[in-house]
Amino acid sequence: MIRRHASLASLNTFGIAASAEALAEIHCLDDLRAACADPAVADLPRVVLGGGSNVLLVRDTLPALVLHMAIRGRERLGQENGRELVRAGAGEVWHAFVQWTIAQGLGGLENLSLIPGTVGAAPIQNIGAYGAEIQDVFHSLRAYDPASDTVVTLDAAACRFGYRDSVFKHAEGRALIILDVCFALPCAWTPNLRYAELAQAVAGLSPLTPAAVSAAVVAIRQRKLPDPAVIGNAGSFFKNPVVTRAQCEDLLARFPTLVHHWQADGSAKLAAGWLIDQCGWKGRDLGRAGVYEKQALVLVNRGGASGREVLALAHVIQAEVLARFGVQLEAEPVFL
Ligand code: EPU
């Protein structure tokens with residue numbers, strides 16, 4: 001069933017009070033087929049929404065048919081090459097799915113605990129945290145292609161994963177609608193403790209289990225990141241910028257405490273949170289939008305902010321970081 005002029009306030013974690021021209025709840029492939037074929041909304045562009053945790057609603061009314069993905073289900077598919085295959089519907093809540101895999105005795109997703117959003121949204125930006133990315137344990141996904149009215153299967157190579165990036169953010173994959181995702185989790189688990197703060201948090205724990213690592217990740221996130229149920233936000237608002245070796249060395253000469261991580265190809269990834277923090281924005285507000293006091297990379301809704309107010313704050317921050325460091329910050333959420 002398609003609803004007209006539907007509120008999106010409860011469907012975006014920024015808590016922006018915008019609405020959609022039309023909204024359809026999608027519980028199965030048939031719902032999706034019907035919504036895409038409905039002549040009453042044929043003139044509207046389609047926007048897919050999962051948990052709404054990585055979007056900024058910039059307009060008061062989104063002139064689109066919003067497909068709210070609510071396809072549920074999770075199952076074990078058996079073993080393949082020493083890995084256990086598990087599949088989940090696009091509408092499953094990501095953290096609940098992670099917890100389910102851990103309860104099943106399976107490790108591999110614990111570093112990605114408590115990331116807001118849904119299973120179907122996870123591959124789109126190749127969600128990552130604490131030294132892990134979804135691409136590390138991704139097997140394949142099924143997606144609906146409205147143009148050909150077919151279901152296609154994509155493996156990891158076809159998804160073209162990058163840092164907070166995949167084919168679904170580019171022209172070739174943008175129209176595909178993810179139905180479910182399959183992960184290949186190691187039968188023989190070893191912890192991933194590349195992220196120093198996580199390694200410290202679990203040091204001395206014996207035996208170290210996926211559940212213990214998950215609990216440590218949850219504690220770190222709760223310490224640093226605002227709970228969207230309490231303070232509207234979309235996680236990191238900017239990507240960590242990647243600069244050339246020469247640019248990083250030049251910056252280090254001028255700012256010796258610059259937080260940076262050298263990449264395998266010689267480039268360097270800078271901590272955008274540090275850059276914003278240095279510009280004095282941590283904890284500051286502009287209108288009803290603000291910068292979170294414990295992590296400058298997260299923009300928050302102080303209450304009643306419009307998408308335009310959040311955008312205005314983002315633009316001021318980008319301009320100041322550019323003026324001071326010569327680095328262009330790129331927004332991480334999708335602007336609708
Ligand atoms: N820092 C500051 N001030 C700040 C924030 C950070 O100085 O206000 C410096 C600190 O030195 C800190 C470093 O920046 O050690 C890195 O900060 P943090 O470990 O919090 O990670 P991040 O680089 O800011 C990224 C991801 C997060 C992910 C964490 C942990 C991006 C855009 N963000 O943040 O992902 O949880 O690493 O792995 O890559 C998200 O994408 O929504 C997200 C929250």
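Descriptive notes on the structure:
- Test for residue 319: is it over 24 Å from residue 124 (Cβ atoms) and either within 11 Å of the ligand (Cβ to nearest atom) or touching a Lys or Arg at 6+ places or on another chain (Cβ under 9 Å) (or both): no
- Taking the conditions (1) touching a helix residue (DSSP H, G or I) at 6+ places or on another chain (Cβ under 8 Å); (2) part of a loop (DSSP other than H, G, I, E, B) in turn, residue 304 satisfies each one other than (1).
- Scanning segment 79-97 turns up one or more residues that are within 16 Å of the ligand (Cβ to nearest atom), touching a residue at least 24 places away in the same chain (Cβ under 8 Å) and surrounded by 18 or more Cβ atoms within 10 Å (Cβ to Cβ).
- Selection of segment 233-282 for residues being β-branched (Val, Ile, Thr), surrounded by 15 or more Cβ atoms within 10 Å (Cβ to Cβ) and free of Cβ contacts under 8 Å to residues at least 60 places away in the same chain yields 259, 276.
- Residue 143 out of contact with any Leu (no Cβ under 6 Å at 6 or more places or on another chain) and either part of a loop (DSSP other than H, G, I, E, B) or aliphatic (A, V, I, L, M) (or both): no
- Among the criteria (1) assigned to a loop (DSSP other than H, G, I, E, B); (2) among the basic types (Lys, Arg); (3) surrounded by 15 or more Cβ atoms within 10 Å (Cβ to Cβ), the one residue 294 does not fulfil is (3).
- Hey, residue 322 part of a helix (DSSP H, G or I), modelled with pLDDT of 95 or more, surrounded by fewer than 16 Cβ atoms within 10 Å (Cβ to Cβ) and not assigned by TED's automatic domain parsing to the domain that holds residue 110 or not: yes
- Residue within segment 72-83 that is within 30 Å of residue 193 (Cβ to Cβ) and of a type in the set (Gly, Ala, Ser) present: yes
- Strands (runs of 3 or more DSSP E) wholly inside segment 39-108 containing at least 1 residues that are within 18 Å of the chain's Cα centre (by Cα) and either polar (S, T, N, Q) or more than 30 Å from residue 208 (Cβ to Cβ) (or both): 46-49, 61-69, 83-89
- Residues located in segment 13-36, provided they are without any contact (Cβ under 8 Å) to a residue 60 or more places away in the chain and not in a strand (DSSP E or B): 28, 30, 31, 34, 35
- The listed residues are 282, 239, 294, and the only one of them that is within 17 Å of residue 114 (Cβ to Cβ) and near the ligand (Cβ under 9 Å from one of its atoms) turns out to be 294.
The values are calculated or read from the model by the stated rules, or taken from the named source; none is laboratory data. Values in this document were obtained by computation on a predicted structure and should not be read as measured data. Quick reminder, even Gly has a Cβ in these numbers, built from the backbone with ideal geometry, and neighbours come from all protein chains shown.
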